[in-house]
1. All but one of (1) at pLDDT 85 or above; (2) not assigned by TED's automatic domain parsing to the domain that holds ALA249 hold for TRP226; which doesn't?
2. Could you figure out which of (1) part of a loop (DSSP other than H, G, I, E, B); (2) over 21 Å from GLU160 (Cβ atoms); (3) touching a helix residue (DSSP H, G or I) at 6+ places or on another chain (Cβ under 9 Å) isn't true of VAL104?
3. Output the residues belonging to region 62-96 that are in a helix (DSSP H, G or I) and of a type in the set (Ser, Thr, Tyr).
4. Are any residues in region 23-43 of a type in the set (A, V, I, L, M, F, W, C), out of contact with any Lys or Arg (no Cβ under 8 Å at 6 or more places or on another chain) and modelled with pLDDT of 95 or more, and if so, which ones?
5. Against the definition (under 17 Å from GLY212 (Cα atoms), acidic (Asp, Glu), exposed (fewer than 13 other Cβ atoms within 10 Å of the Cβ) and in contact (Cβ under 8 Å) with a residue 12 or more places away in the chain), how does ASP275 come out, yes or no?
6. Could you check region 200-240 and list, in sequence order, the residues that are among the aliphatic types (A, V, I, L, M) and surrounded by fewer than 16 Cβ atoms within 10 Å (Cβ to Cβ)?
7. Take region 180-223 and flag every residue that is at pLDDT below 65 and β-branched (Val, Ile, Thr).
Amino acid sequence: MIWEKFDMIKDCDFFKEMENKVNIELLKYYLKYIFQGDHSYYELLRIISKNKEEKDTLIQYLALTILANTRYYNLYIKHYGERYVEEILHKLPNKIPVWEFIKVSAHSRNNDLKLERLNVDNGLVNIYPVKRIYGIELIRVKLREMIDKIRANSDRDLLEHEGVQEIIRFIEGMVKPQDIGGIKAVNFQGEIPLEWHPPCIRKILEDILSGGSPSHYARRSFVVYWFCAKFNPNLRPLNKEGELVNISALDIAKSEEAIENFIEEMLKLFSNVEDFNPEKTRYYICHNIGYKVADHLTHCEYCKNWRE
């Protein structure tokens, strides 16, 4: 996998490589493979490069460096996991050391990767029942670690480079805005910046967009927060004594059309999640926001300081 091969290109000069027209062309074909499943990339790679593995590692490094500095990184992680999960499954044994398992599961909100749900014997965890889930989560964790390191060391002028801008425009032509989790709020022009949301909500959103599987509690908290952020960011469901009061979706959004549109937005967002079921998801969204199947908003304390 990419994180295992970085020694091949550790001395490469990013900006110099981005001046290479062949690399730019290969990057476009690679991104078409990642986002659209077009296999022409590997055919072109075989024709162009004598050292296919090293060139592939370089192209993946260039792509990751660019995407790490854009809003498309979560979607890239999701699609990368889908494209390369079979490769990692071939390498994974059915039993792995417990600390190796914990390194991945500790950064995952997937309930299926709770250690207590799996068999542990002589320091080895039997991951066979959840091998595919573990493989995808391993990819997500590794790529996020790489993205964090890349961001910390990126040149501030990276996005100004002509070749980088060309690749970003190419990505924008393939990716729909709704696929990256933007939110438009009532009485606010444009999309709410991601950094305006609480860290816990941003983490849940990143999990959803990158193809993870947040816990039901995390999903519930996210839906309630996102609903209120969209229709009434200043909502405080408390009476004068500071006690919780019940309010419904219609008390907040004012119209069924607005609520239905919100539900469709959430269904589109949650379709990124591996265990997505549209009927169940719709029911839970309605229940969480107090619409039709429930008469009040679900009170969540994912952030303990929400009362303030």
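The values are calculated or read from the model by the stated rules, or taken from the named source; none is laboratory data. Owing to the predicted nature of the structure, the values given are computational and were not obtained by experimental measurement. All Cβ positions, even for glycine, are placed from backbone atoms using ideal geometry, and neighbour counts span all protein chains on display.
1. TRP226 satisfies every listed condition except (2).
2. (1)
3. THR65, TYR73, TYR76, TYR80, TYR84, listed by residue number.
4. Across region 23-43, the qualifying residues are ILE24, LEU27, LEU31.
5. Yes, satisfied.
6. Hits for region 200-240 are LEU235, LEU238.
7. Listed by number, the residues that qualify are ILE180, ILE183, VAL186, ILE192.
Okay, residues lined up against (1) at pLDDT 90 or above; (2) part of a helix (DSSP H, G or I):
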site: LYS230; (1), (2): no, yes
site: LEU235; (1), (2): no, no
site: GLY242; (1), (2): no, no
site: ILE247; (1), (2): no, no
site: ASN261; (1), (2): yes, yes
site: VAL273; (1), (2): no, no
site: LYS280; (1), (2): yes, yes
site: HIS287; (1), (2): yes, yes
site: VAL293; (1), (2): no, no
